[in-house]
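Take a look at the structure below.
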Amino acid sequence: MFEIKVLGDCVNCKTTQELIEAVASENGITIKLEKLVDIKQIASYGITSSPAIIVNEKIVHAGSVPDKKTILSWFKSLCCPTDDQCC
């Protein structure tokens, strides 16, 4: 299971959250998704632009809405970096 945090409370943050949920569902990937909107929590990650995405406590993206291919690449790089067919 991947623990994912979407940091920010903007329209793009909501879109990003929906895209992550869709990619996980479409690929049978189990996630625990949390949305952080508290400025102090967001600042603790050193984030200055939103949306920002944290996967398993690693910053993977910030400042724009990622596409589905990019989101899937985060999962693949963490679960099976040498097998492009794993998820």
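The values are calculated or read from the model by the stated rules, or taken from the named source; none is laboratory data. What you see is a predicted model, and the numbers here were worked out from it, not measured in a lab. Reconstructed Cβ throughout: ideal geometry from the backbone, glycine too, with neighbour counts over all protein chains shown.
For this structure, a couple of remarks:
- Evaluated against (1) assigned to a helix (DSSP H, G or I); (2) touching a strand residue (DSSP E or B) at 6+ places or on another chain (Cβ under 7 Å), residue 76 falls short on exactly one condition, (2).
- The set of residues from the range 21-49 being in a helix (DSSP H, G or I) and either touching a strand residue (DSSP E or B) at 6+ places or on another chain (Cβ under 6 Å) or aromatic (Phe, Trp, Tyr) (or both) comprises 24, 42.
- Here residue 52 clears all of (1) touching a strand residue (DSSP E or B) at 6+ places or on another chain (Cβ under 8 Å); (2) among the hydrophobic types (A, V, I, L, M, F, W, C); (3) at pLDDT below 95 except the condition numbered (3).
- Every condition in (1) at negative phi; (2) surrounded by 12 or more Cβ atoms within 10 Å (Cβ to Cβ) is met by residue 56 except one, and the failing one is (1).
- Residue list for the range 27-37, filter: at pLDDT 95 or above and farther than 13 Å from residue 55 by Cβ: 35, 36, 37
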